[in-house]
Amino acid sequence: MQQNINGSNIKSQIRVSSLSEKEEAQETLEIIQEMSQILNCGLDRQQLAILVSMIENGVNPEALSLVVNEMKTELNTYKKIHKQ
Amino acid sequence: MDESELQAEMTKMTNKSQAYRLQDCINRLNKTRLKKKNELIHFLFRTSQLGQNNSYTNQTLDTLFKSQEISQINYSQTIPKKIIEESPINNDLMNIIQQITDKGNGTLSISEKDLIKDLIFSIQGIESQFISYDPINDQFQVKKDIAISSASRKLLNVMCECGWLFKKIQTFTQSNYNSLVLQALQNSIKEELNEYYRLIAYFENLLAESTLTLRKMYMWLKQPMHHLVQINLVLSQNLTNVQLGTTSSLVISILCRYSKHGCPQTSQLFSRILHQTTIPIVRFINQWIFDGSLNDQAQEFFIERNDSNKIQIRDSGELWKNEFKVNQDKIPYMISLNDSYKIFDTGRVINWLRKQCKFTQFNQNYDLITIDLLGTEQFSLFVDQVNKEYNKQLIQLIKPNFKITLNAIKRFLLLGQGEFIHTLMELLQTELNKPAQQCYRHTLLSILESAFKHISQEVRLNVKLLEPSQNDTGWEIFCLDYTIDEPLNTIFNQKIMLSYYRIFNFLWRIKRVEFTLTQCWKMHQKFMVIPNQFQTIKKAIQLSYQMMNEMQHFIKNFYSYLMLEAIESSWKKFIDECDKIQDLDGLIKIHELFISDILDRSFLNTKGESTQKLLFKLFDYIFRFKSCQELLLSYAKDQISQTDNQQLQLKNLLNKQQNISRQNQNKNQDIIKSLLELRKQYRDQMFDLLEKLKKEDRLKFLHFKLDFNEYYLGIQESKIFNQDLERFIEKCLPKVNEVQIQPNRVPNSKQIVQPQQQQQRIFNTNIDIQNDLRQFKEGLKQSDEQRRQQLQFKNQFTKSPLEKSPLIQIPPTMTEHEKRKNDEYLSSSDDD
């Protein structure tokens with residue numbers, strides 16, 4: 001597995017150096033998506049893209065996370081009500 | 001080190017594969033070009049819903065943060081209490097994060113409540129436990145060794161600015177000012193600050209309920225801070241100009257401009273303040289307009305009393321102009337210059353009426369001016385109305401008195417009442433003939449009063465004696481004076497009365513000359529009938545009579561010019577304008593115009609000085625003529641009385657008679673010579689005068705009156721001929737015919753005839769020259785006939801300038817008989 005990691009590291013390194021901007025952005029987004037999957041954030045691709053751009057633009061991540069959690073809970077309650 | 005730690009941690013994880021994957025992703029992330037990776041990681045961990053795995057997430061975070069550069073994390077918000085309370089699990093983490101990001105002493109834990117308490121003090125400008133005043137930077141600052149986030153530090157400092165502004169404003173409101181306007185300003189600002197205090201009380205309330213946060217305070221304080229900033233701006237502008245000493249108007253002007261601010265809140269704020277501050281000014285204006293009083297201790301009003309020592313109560317002519325004045329620096333922005341002058345005028349009128357005319361009833365039908373009226377157009381209309389009304393009252397009061405005085409001055413000082421002046425002159429002549437030092441005022445005054453008896457009215461006339469110089473008789477220093485009372489003093493002030501005296505002096509002089517000439521005429525009347533024996537005497541008397549007529553013609557015409565053209569026309573203009581005026585200033589102006597007009601036309605100002613000198617010389621000659629004539633007539637009287645005796649003693653004293661007659665003839669010659677000399681000088685002056693009069697347009701009429709038949713013009717030209725015959729012929733050939741009228745002249749021109757006689761005597765000595773002479777005489781006779789024809793021709797056009805002589809009783813045209821006689825006379829002279 002370490003080898004795997006190492007290989008992937010090298011691969012990713014090679015990849016990073018030879019990709020254009022667009023593809024770079026896509027790559028980044030993929031990484032982030034993986035991380036969110038691991039951590040079970042429950043955010044899909046589009047949402048992640050928005051959120052990442054917000055953070056890059058200087059939004060406080062703490063606050064943003066709070067907001068996101070709030071919205072999730074609200075959404076859940078709304079769904080529950082709607083189902084009923 | 002990090003790697004191994006990470007690995008150690010990961011081994012603790014339940015789901016190792018996940019941990020590895022995560023690590024992998026993080027590594028990859030670090031190679032991307034994201035700027036805020038740490039934030040991103042933090043965010044993802046926060047939104048993760050691995051509820052059960054919270055413990056390891058903490059651990060991972062811990063390790064993560066240890067391995068990364070922690071200080072890159074930039075929190076700009078304080079951690080809300082809620083989360084701190086609700087998430088006890090995260091508390092440690094948060095504390096750690098806090099500790100790392102806050103600068104300062106981590107052990108001192110200050111709650112927000114404390115900070116807010118301190119802030120409430122500092123926004124009132126009071127130092128507190130954690131917020132101190134820094135005199136170096138002149139600001140309130142949170143103490144540097146306190147551990148709060150830089151975010152809250154910044155916020156606190158911003159709010160402390162409020163406190164600084166507040167302190168400044170308070171220093172202003174608590175200082176003592178003399179000026180009423182500044183006091184009003186202080187009051188209005190205090191009222192505005194009441195809002196601020198209310199806000200602070202509200203804050204304290206909220207603090208007690210513990211629902212107050214720094215952010216809330218910031219939002220609440222925004223608007224008051226804005227207001228405080230504006231007020232502070234205005235105050236700083238005012239206070240820097242205190243040295244100029246024009247604070248009140250400056251204050252009001254600045255407030256006025258700010259009240260037109262674009263932002264509606266600011267404009268409302270300032271219009272409120274302006275409203276208060278203009279109360280004193282409005283009060284001043286009201287007092288001034290309706291009462292004429294000035295109670296201005298701090299000298300802020302733009303009308304002030306002129307406190308120079310020159311003004312005394314006696315010199316009331318100056319009161320009108322100089323008692324009050326407008327200080328243009330102190331006029332506030334809203335009142336235009338015109339309006340301020342109208343206000344000034346109104347108050348001045350009231351003051352003047354009260355002092356001079358003792359008039360105290362004023363219409364108070366007008367409402368007082370209110371502040372709202374101040375900046376509007378209605379204000380100027382209102383002021384205008386009040387002004388006009390008061391001026392009308394003033395004019396109504398003054399007019400009757402003024403007209404009476406004016407008429408009286410015209411009658412006496414401008415010699416309007418002729419018969420009075422004539423009787424006065426007759427009565428005064430003996431007194432005034434004395435030298436100036438011997439004329440006493442009381443004698444003249446008594447004579448004046450006796451002259452009054454001839455007039456039915458009582459007049460306030462007085463005698464004024466001017467400064468006598470050497471060789472002055474009483475005539476030069478005599479002057480009539482009219483006493484003028486209090487209110488009209490302003491119009492008839494010293495300067496104007498002086499010019500009236502000058503005019504009077506001039507007119508009096510001319511009257512005197514006229515008077516002397518009438519005396520001459522009286523003397524003449526006795527000698528109208530002279531026995532024919534005394535041809536020489538008769539001719540001398542005729543000569544003097546003609547001269548007298550000439551002079552009378554001049555004086556009469558000149559005097560009538562003065563009275564009519566100079567005085568009457570200006571008078572009419574003045575009276576016409578008088579009815580149109582509406583205020584005292586206008587009246588004074590047109591009166592001055594009237595006088596300057598008279599002075600101008602009667603050559604009494606600096607422009608006509610040379611003409612005046614000429615006139616005085618002419619008057620001088622006339623006086624000399626009178627003395628000359630007296631001599632002549634006394635001599636004639638002697639002669640006539642003597643010759644009566646001589647006829648009786650004829651046989652006895654033949655020899656003696658001859659001597660006497662020769663002596664007499666010599667004396668006669670002397671007198672005639674002196675008369676002719678005088679006439680020559682007189683005529684020279686007349687020529688000069690006429691030259692001068694020709695140059696100016698409006699004096700054409702006078703010129704025409706004085707020389708209507710071009711008599712003087714002819715004499716001038718003939719003079720040139722007499723002096724240099726040939727040169728004259730060369731100069732103007734066509735005039736040769738006219739010139740030859742000379743020999744046919746009236747027998748008084750002996751001067752001209754005699755040199756011709758002499759010339760002809762010289763010619764006769766030489767026989768050759770005699771022939772020439774005969775030819776010359778024939779030529780003369782021929783040209784003489786031509787001349788006669790020409791004259792007849794000219795007579796058709798009624799222009800025979802040189803034939804007529806000045807106004808005398810000898811017939812203007814000669815009859816044929818007389819002409820022949822003259823020819824004979826001329827031809828008889830050849831035989832000498």
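The values are calculated or read from the model by the stated rules, or taken from the named source; none is laboratory data. It should be emphasised that the depicted structure is a prediction, and the values quoted were computed from it without experimental measurement. FYI the Cβ positions are ideal-geometry reconstructions off the backbone, even for glycines, and counts take in every protein chain you see. With ligands, DNA and RNA removed, areas are computed over all heavy atoms of the protein, side chains included. Shrake-Rupley method; radii C 1.70, N 1.55, O 1.52, S 1.80 Å.
In this structure, the pairs whose alpha-carbon distance is over 23 Å, taken from B:Lys526/B:Lys626; B:Lys342/B:Lys573; B:Lys403/B:Lys495; B:Lys342/B:Lys589, are B:Lys342/B:Lys573. Once all protein chains are placed together, B:His442 keeps about 120 Å² accessible to a 1.4 angstrom probe. The residues packed around B:Lys556, meaning those with a beta-carbon under 13 Å from its beta-carbon, carry a net charge of 0 if Lys and Arg are +1 and Asp and Glu are -1. Contact order, relative form, for the range B:118-243: 23 percent (alpha carbon pairs under 8 Å, 6 or more residues apart, mean separation divided by residue count).
Estimated from the Cβ-Cβ distance and a Förster radius of 25 angstrom, the FRET efficiency linking B:Tyr202 and A:Glu70 is about 0.25. Heavy-atom accessible area for B:Lys222, with the other protein chains in place and a 1.4 Å probe, reaches approximately 110 Å². Stretching B:Gln297 away from B:Ser783 to a fully extended chain increases their span by 165.2 nm, per 0.36 nm per residue minus the current alpha-carbon distance.
Segment B:Ile136..B:Ser150, full-extension length gain: 2.9 nm, with 0.36 nm per residue of separation and the alpha-carbon distance subtracted. Put simply, the Cα atoms of the range B:116-257 extend 50, 33, 25 Å along their principal axes, the longest span coming first.
For peptide B:31-41, the mean count of partner chain Cβ atoms within 10 Å of a residue's Cβ comes to 6. Each label point was placed 7 Å from the Cα along the Cα-to-Cβ direction; for B:Gln174 and B:Leu381 their separation is 4.9 nm. For a 23 Å ceiling on Cα separation, which of these pairs sit above it: B:Lys355/B:Lys410; B:Lys330/B:Lys580; B:Lys325/B:Lys355? Pairs exceeding 23 Å: B:Lys355/B:Lys410; B:Lys330/B:Lys580.
What the Cβ-Cβ distance of B:Thr483 and B:Gln519 gives, at R0 = 35 Å and to the nearest 0.05, is a FRET efficiency of 0.60. Chains A and B together bury roughly 3400 Å² of accessible area, counting both sides, with a 1.4 Å probe on protein heavy atoms only. For the range B:284-294, backbone phi angles converted through the Karplus equation (6.51, -1.76, 1.60; θ = phi - 60°) give residue-by-residue couplings of 4, 4, 4, 4, 5, 6, 9, 10, x, 9, 10 Hz, Gly and Pro being listed as x. Counts of other chain beta carbons within 10 angstrom of each beta carbon in peptide B:20-27 average 5.
Applying the criteria of a DSSP loop state and at most 10 other Cβ atoms within 10 Å to the trypsin sites (Lys or Arg not before Pro) of the range B:426-488 yields B:Lys453.
Mind checking the full-extension length gain between B:Lys573 and B:Leu713? Use 0.36 nm per residue of separation minus the Cα-Cα distance, one decimal, nm.
Separation in residues times 0.36 nm, less the Cα-Cα distance, equals 46.9 nm.
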